[in-house]
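Undergrad: My structure is below; once you've seen it, I'll send some questions.
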Amino acid sequence: MTRRLLAALLLALPTRAVAQGGLGTFTADAVVVTVGMTIVTVQDLNFGTVPKGVATTVAPAGATAGQWQITGSANAFVTIAFTLPTVLTNIQALPGSTMPISFGLTSALWRRASNNPAGATAFSPALGTVGRFGPPPNPTINVWIGGTVNPAAAAKPGIYQGTIILSLTYL
């Protein structure tokens, strides 16, 4: 009885088939690479001359919208995110002279493989989005941003500036 149980247990164990004459093995390797990105500022967001006390908006598809062109891995997905200012600072007046700037739910656009904002996908720059690089031979994403400035009626004249930071991360 003990011999039969032992034989049954041995038959139940996994087995490996070995061809007569030896055993051959090999390994399979794959290397996953991520191509870096190149981000080029094509144009700064420019509100032009703004009257005191009058809100001025630049649409993301407007001629003076900010624009970046990013080259990366063909067809790769990325998160698109911004760090946005809440005020612009007058660089010619006394310290503390600022102007509010805001961004709406559709103040940014992205489009793969084309630098034309017509047909681009709108998104909120405060929330970010997921985009996709274009296919070969044009693995690019173009991003545009607009916004609204609202100077006070007592705003000091001068040049107001702020910094908008665009960040893209491969998924």
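Undergrad: When you scan region 150-157, do you find a residue that is modelled with pLDDT of 95 or more and surrounded by 14 or more Cβ atoms within 10 Å (Cβ to Cβ), even just one?
TA: yes
Undergrad: Another one. If you scan region 124-143, which residues turn out to be under 14 Å from residue 60 (Cβ atoms), open to solvent by 10 Å² or more (accessible area, probe 1.4 Å) and hydrophobic (A, V, I, L, M, F, W, C)?
TA: Once the filter is applied, which keeps residues that are under 14 Å from residue 60 (Cβ atoms), open to solvent by 10 Å² or more (accessible area, probe 1.4 Å) and hydrophobic (A, V, I, L, M, F, W, C), region 124-143 yields only 126.
Yes/no per residue for (1) more than 24 Å from residue 130 (Cα to Cα); (2) open to solvent by 60 Å² or more (accessible area, probe 1.4 Å); (3) modelled with pLDDT under 95; (4) hydroxyl-bearing (Ser, Thr, Tyr):
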position: 43; (1), (2), (3), (4): no, yes, no, no
position: 54; (1), (2), (3), (4): yes, yes, no, no
position: 60; (1), (2), (3), (4): no, no, no, no
position: 65; (1), (2), (3), (4): no, no, no, no
position: 81; (1), (2), (3), (4): no, no, no, no
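Undergrad: Looking at this structure, is residue 77 more than 16 Å from the chain's Cα centre (by Cα), open to solvent by 30 Å² or more (accessible area, probe 1.4 Å), at negative phi and aromatic (Phe, Trp, Tyr)?
TA: no
Undergrad: Which of (1) farther than 28 Å from residue 171 by Cα; (2) modelled with pLDDT under 95; (3) of a type in the set (Gly, Ala, Ser) does residue 74 not meet, given it meets every other one?
TA: (1)
Undergrad: Against the condition more than 18 Å from residue 130 (Cα to Cα) and surrounded by fewer than 18 Cβ atoms within 10 Å (Cβ to Cβ), how does residue 49 come out, does it pass?
TA: The answer is yes for residue 49.
Undergrad: Report whether or not residue 100 is over 23 Å from residue 36 (Cβ atoms), in contact (Cβ under 8 Å) with a residue 24 or more places away in the chain and within 22 Å of the chain's Cα centre (by Cα).
TA: Considered against the rule, which asks whether it is over 23 Å from residue 36 (Cβ atoms), in contact (Cβ under 8 Å) with a residue 24 or more places away in the chain and within 22 Å of the chain's Cα centre (by Cα), residue 100 comes out as no.
Undergrad: Filter region 103-123 down to residues that are open to solvent by less than 40 Å² (accessible area, probe 1.4 Å) and of a type outside the set (Phe, Trp, Tyr), then give me how many there are.
TA: 8
Undergrad: For region 73-101, which positions are among the hydroxyl-bearing types (Ser, Thr, Tyr), within 14 Å of residue 50 (Cβ to Cβ) and in a strand (DSSP E or B)?
TA: Residue satisfying the conditions is 98 alone.
The values are calculated or read from the model by the stated rules, or taken from the named source; none is laboratory data. Every value quoted in this text rests on a predicted model; they were computed, and no experiment measured them. Cβ coordinates were reconstructed from backbone atoms using ideal geometry, including for glycine residues, and neighbour counts include every protein chain displayed. SASA here: full protein model, heavy atoms, side chains in, ligands and nucleic acids out. Shrake-Rupley method; radii C 1.70, N 1.55, O 1.52, S 1.80 Å.
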